[in-house]
Amino acid sequence: MTGISRRGLLRLGATALAGASFGAGAQERFPARQVTIVVGFAPGGGGDISARFIADFLRERWKVPVVVENRPGAGATIAAGQLAKARPDGYTVALATTSPFTVAPHFQTVPYDAAKDFTYLFQFLVSAQPVFVRADSPHRNWQEFVAWARANPGKLNWSTAATNGGPHIATEAAFRHLGISGQYIPYKGGAEASLALLGGQIDALVAAEFAQFVAAGQVRLLAETGPEKLPEFPALPTFKELGMPLSVPIFYGIAGPAGVPAEVIAAWEEAAQDMMKSAGFRELMVKLKSTPAWQNHRDFTATLNQVQREMARLIPALGFKRAP
């Protein structure tokens with residue numbers, strides 16, 4: 001050999017292999033490239049606003065692109081189905097809400113198994129989901145609304161932010177309990193449904209997208225479908241207080257596909273905890289009229305599994321039939 005000895009070649013080869021191993025390890029450290037947060041609702045709603053806040057926070061913290069991808073439709077089950085097929089590397093996650101992960105699978109055919117196809121990374125808030133009407137509505141409270149709907153069977157047009165979601169099923173159960181018949185009008189999310197309410201296309205809405213309209217004097221709250229009182233509206237009755245048959249707490253979290261590695265789960269948990277300590281997050285809670293509610297991967301998974309089992313029992317018991 002000329003120029004380089006056999007020993008020199010072996011040394012160069014070893015150096016190259018070491019560099020390749022270091023490069024592969026460095027490439028696998030999370031996060032090293034773009035992160036995508038899939039949202040099952042149209043832009044502008046509470047879930048979308050929350051996801052975009054998370055994206056902004058992580059973009060600054062992780063120094064990588066973090067984008068929000070809206071995939072609305074079918075009560076957010078389209079987005080959940082997309083997530084179930086993603087690579088379990090932590091780079092594709094989705095906003096995890098009550099409806100597609102705990103209610104819809106027991107109410108309709110979905111392209112995933114909510115108990116097996118996901119890694120539930122963390123929960124970060126519990127959302128209010130009140131029933132509300134326009135401010136110029138003649139219904140000044142829940143009792144007047146119920147009395148009108150009973151006296152005018154079939155005339156009520158109403159909607160929710162997510163078809164076949166927790167608030168939808170809880171409100172439908174309440175209407176059946178009270179002898180109310182009406183027409184449910186589906187929309188792609190709370191933002192779109194809110195515009196329909198303000199435009200007079202529907203009479204009542206159940207959604208998280210109410211705070212800005214209350215502040216502007218455009219809507220009136222009638223009842224909270226969840227079990228907990230709203231601190232800023234202490235006189236507002238809850239479905240639990242009203243004796244309705246179902247009252248579902250609404251959570252927001254982040255989920256990945258099944259099989260996300262433990263070290264990636266830990267990275268998400270650490271970032272989320274820091275996010276929830278930020279001033280921006282406190283401002284978000286005020287804006288959304290929501291409550292911070294931290295659960296790590298282990299606790300969030302246990303909670304969802306429990307709620308899934310409870311919904312599997314309650315939905316048939318309340319007389320709801322699974323869609324074909």
Student exercise, the chain dipole from Lys, Arg, Asp, Glu Cβ charges, in Debye to nearest 20
700 debye
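For the chain, what relative contact order do you get, as a whole percent, if you take Cα pairs closer than 8 Å and at least 6 residues apart? Before the final figure, lay out the partial values.
On the way: 605 pairs, mean separation 81.1, N = 324.
Relative contact order, the chain: 25 percent.
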Which lysines have a Cα lying under 28 Å from the Cα of Lys116, excluding residues fewer than 8 positions away in the same chain?
Lys85, Lys188, Lys321
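Tell me which DSSP H helices of the chain clear both cut-offs, 20 Å or more of axial length from alpha-carbon atoms and a mean Kyte-Doolittle hydropathy of at least -1.0. Kindly include the intermediate steps, with their values, before the conclusion.
Working: long enough: 6-28 (33 Å, 0.21); 46-62 (24 Å, -0.26); 262-276 (21 Å, 0.21); 297-317 (30 Å, -0.51).
Once both thresholds are applied, what remains is 6-28, 46-62, 262-276, 297-317.
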Inter-label distance, nm, simple model (7 Å from Cα along the C-beta direction), Asn305/Gln218:
4.3 nm
Compute the length gained on full extension between Thr291 and Ala312: take 0.36 nm times their separation in residues and subtract their Cα-Cα distance, giving the result in nm to one decimal.
4.9 nm
So for the pair Glu69, Ala266, with labels modelled 7 Å out along Cα→Cβ, what separation do we get in nm?
2.8 nm
Taking a ≥ b ≥ c as the square roots of the eigenvalues of the Cα gyration tensor of the range 235-324, is the shape rounded (a/c under 1.5), prolate (a/b larger than b/c) or oblate?
oblate
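What net charge is computed for the residues neighbouring Phe251, neighbours being all others with C-beta under 14 Å from the C-beta of Phe251, Lys and Arg scored +1, Asp and Glu -1?
On the way: positive: none; negative: Glu228, Asp299, Glu310.
Once all neighbours under 14 Å are counted, the net charge is -3.
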Given a 1.4 Å probe, the accessible area of the range 148-246 per residue, as a whole number of Å², is 41 Å²
Hey, of [x] 20.4; [y] 23.8; [z] 21.1, which did the structure itself give for Kirkwood radius over Cα pairs in Å when calculated?
[z]
Can you pull the Kirkwood radius for the range 30-144, inverse mean 1/r over Cα pairs, to one decimal in Å?
15.8 Å
Mind checking the log10 I(q)/I(0) for the range 105-252 at q = 0.11, 0.13, 0.15 Å⁻¹? Debye, one equal scatterer per Cα, no solvent, two decimals.
-0.41, -0.57, -0.76
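Report the calculated FRET efficiency for Ser278 and Ala151 (r = Cβ-Cβ distance, R0 = 56 Å), to the nearest 0.05.
Numbers: r = 50 Å, r/R0 = 0.88.
About 0.70, to the nearest 0.05.
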Can you pull the one-decimal nm distance between simple spin-label points at Glu144 and Glu60, each 7 Å off the Cα toward Cβ?
4.4 nm
Which residue fluctuates the most in the chain, going by a Gaussian network model with Cα springs under 10 Å, if the choices are Lys289, Lys188, Lys63?
Lys63
Report relative contact order for the range 169-226 in percent, whole number only (criteria: Cα-Cα under 8 Å, sequence separation at least 6).
28 percent
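For the chain, what does -39500 (n - 2.57) per DSSP helix run (n ≥ 4), summed and divided by total residues, give at 222 nm, in deg cm²/dmol to the nearest 500? The partial results should precede the final answer.
Numbers: 11 runs with 135 residues, N = 324.
Helix-only estimate at 222 nm: -13000 deg cm²/dmol.
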Where does the charge balance sit around Pro111 when Lys and Arg score +1, Asp and Glu -1, over other residues with C-beta under 14 Å from its C-beta?
+1
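The values are calculated or read from the model by the stated rules, or taken from the named source; none is laboratory data. Please read all numbers here as calculations on a predicted model, not as lab measurements. Cβ atoms come from the backbone with ideal geometry, glycine included; neighbour counts cover every protein chain shown. For accessibility, only protein heavy atoms count, side chains too; no ligands or nucleic acids. Shrake-Rupley method; radii C 1.70, N 1.55, O 1.52, S 1.80 Å.
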